[in-house]
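Student: Mind having a look at this structure? Questions to follow.
The values are calculated or read from the model by the stated rules, or taken from the named source; none is laboratory data. Note that this is a predicted model, so its numbers are computed, not measured. Don't worry about glycine lacking a Cβ; one is built from the backbone with ideal geometry, like all the others, and counts go over all protein chains shown.
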Amino acid sequence: MKIVAIMGSSRKKSNTDNLLEMFLNKYNLNKEDLTKYVLKDLDYKYCLSCYNCARTSKCILKDDVTGIYPLLEDADLIIFATPIYYNSVTTLSKAFIDRMQVYWSRKFVLKLDPPREKHGVALINGGAFKQENQFLGSELVFDHFFKSLGCKIRTFVEVSNTDDCPIDDKNEQLVEMLDGLEFDLKKDNHCVLSGGKIEYGNKQSN
């Protein structure tokens, strides 16, 4: 299985980075054909809104994201981890996701065949206590990201209150919750980890 993992925090060894590593370890994904990208270490530009991709199916920019396109297309599983900033993904994450416009244009404008079907996983964490719509902004961003890349199956894992309860292997309660996750990576999944509880819900693919 070919896996691309993307870490969208500005800090390494952060809650987000730790959540990603804990998820990879839980499902033994480190033993697969895994390529991990830390966005802060990449050199890439934001989308210029030049519409070149809508005309030619190609992105006019040439940078590190351009080199990642083939791996995303060929992946069986794409995992994206980000913290919440102002109810959405980080600037690093959003700039990267905006560059997927090339796939949106291919699929919805030029009506070309999308990349082969794959599974998308969004790992999202927020510092605040769990609240209504806490993760909604990020979910909407990832919805379009996954649609563009042909991710028919989607998993959302969302962790709140990380300001008081950091994500690391010393947080026994969180480790126990992650170990207790029960879902099939071949099916749609949605769960929120908060206050020692795991809440499962439905996240429908479109």
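Student: Looking only at the range 69-100, which residues are under 26 Å from Phe135 (Cα atoms), under 16 Å from the mean Cα position of the chain (by Cα) and free of Cβ contacts under 8 Å to residues at least 60 places away in the same chain?
Tutor: Answer for the range 69-100, where residues must be under 26 Å from Phe135 (Cα atoms), under 16 Å from the mean Cα position of the chain (by Cα) and free of Cβ contacts under 8 Å to residues at least 60 places away in the same chain: Ile84, Tyr85, Asn87, Ser88, Thr91, Lys94, Ala95, Ile97, Asp98, Arg99, Met100.
Student: Now for a separate question. Asn125 - would you say it is at positive phi and not basic (Lys, Arg)? Even if it seems obvious, please write down each step before you answer.
Tutor: Working: at positive phi: no; not basic (Lys, Arg): yes.
In short, no.
Student: Does any residue of the range 122-142 turn out to be closer than 23 Å to Lys58 by Cα and either of a type in the set (S, T, N, Q) or in a loop (DSSP other than H, G, I, E, B) (or both)? Working first, answer last.
Tutor: To start, the set of residues in the range 122-142 that are closer than 23 Å to Lys58 by Cα comprises 141-142.
Filter once more, so that each one left must be either of a type in the set (S, T, N, Q) or in a loop (DSSP other than H, G, I, E, B) (or both): none.
Scanning the range 122-142 turns up no residue that is closer than 23 Å to Lys58 by Cα and either of a type in the set (S, T, N, Q) or in a loop (DSSP other than H, G, I, E, B) (or both).
Student: Answer yes or no: is there a residue in the range 67-88 that is closer than 20 Å to Pro166 by Cα, among the aromatic types (Phe, Trp, Tyr) and surrounded by 16 or more Cβ atoms within 10 Å (Cβ to Cβ). Walk me through it before giving the result.
Tutor: Let us first name the residues in the range 67-88 that are closer than 20 Å to Pro166 by Cα, namely 80-88.
Then drop every residue that is not among the aromatic types (Phe, Trp, Tyr), which leaves 80, 85-86.
Right, trim to surrounded by 16 or more Cβ atoms within 10 Å (Cβ to Cβ) and you get 80, 85.
The answer is yes, given that some residue of the range 67-88 is closer than 20 Å to Pro166 by Cα, among the aromatic types (Phe, Trp, Tyr) and surrounded by 16 or more Cβ atoms within 10 Å (Cβ to Cβ).
Student: Tell me which residues, restricted to the range 15-42, are of a type in the set (Ser, Thr, Tyr) and either at pLDDT below 95 or more than 16 Å from the chain's Cα centre (by Cα) (or both).
Tutor: Tyr27
Student: Can you list residue pairs whose Cβ atoms sit under 6 Å apart, with the first residue in the range 113-133 being under 24 Å from Ser148 (Cβ atoms) and free of Cβ contacts under 8 Å to residues at least 60 places away in the same chain and the second being charged (D, E, K, R) and assigned to a loop (DSSP other than H, G, I, E, B)? Count only pairs 6 or more apart in sequence or on different chains.
Tutor: If the second residue must be charged (D, E, K, R) and assigned to a loop (DSSP other than H, G, I, E, B), the pairs left are Lys118/Asp76.
Student: Somewhere in the range 106-127, is a residue closer than 21 Å to Ser9 by Cβ, surrounded by fewer than 22 Cβ atoms within 10 Å (Cβ to Cβ), of a type outside the set (Lys, Arg) and modelled with pLDDT under 95?
Tutor: For the range 106-127, residues closer than 21 Å to Ser9 by Cβ, surrounded by fewer than 22 Cβ atoms within 10 Å (Cβ to Cβ), of a type outside the set (Lys, Arg) and modelled with pLDDT under 95: present.
Student: Mind counting the residues in the range 152-188 that are under 22 Å from Ile84 (Cα atoms) and outside any loop (DSSP other than H, G, I, E, B)?
Tutor: Number of matching residues: 11.
Student: List, please: which pairs have Cβ atoms under 8 Å, are six or more places apart or on different chains, and start with a residue in the range 147-160 that is in contact (Cβ under 8 Å) with a residue 12 or more places away in the chain and more than 19 Å from Lys107 (Cα to Cα) and end with one that is of a type outside the set (Gly, Ala, Ser) and assigned to a helix (DSSP H, G or I)?
Tutor: Note: pairs meeting the criteria are Phe156/Glu139; Phe156/Phe142; Val157/Leu19; Val157/Phe23; Val159/Asn15; Val159/Leu19; Val159/Leu174.
Student: Residue under question is Leu24, and the condition is that it be in a helix (DSSP H, G or I) and touching a residue at least 60 places away in the same chain (Cβ under 8 Å); does it hold?
Tutor: no
Student: Another question, if that's okay. For residues in the range 142-185 being among the β-branched types (Val, Ile, Thr) and more than 23 Å from Asp74 (Cβ to Cβ), which is nearest to the chain's Cα centre (by Cα)?
Tutor: By that ranking, first place goes to Val157.
Student: Here's another thing I want to ask about it. Considering only the range 1-21, how many residues are surrounded by 22 or more Cβ atoms within 10 Å (Cβ to Cβ) and in a loop (DSSP other than H, G, I, E, B)?
Tutor: 2
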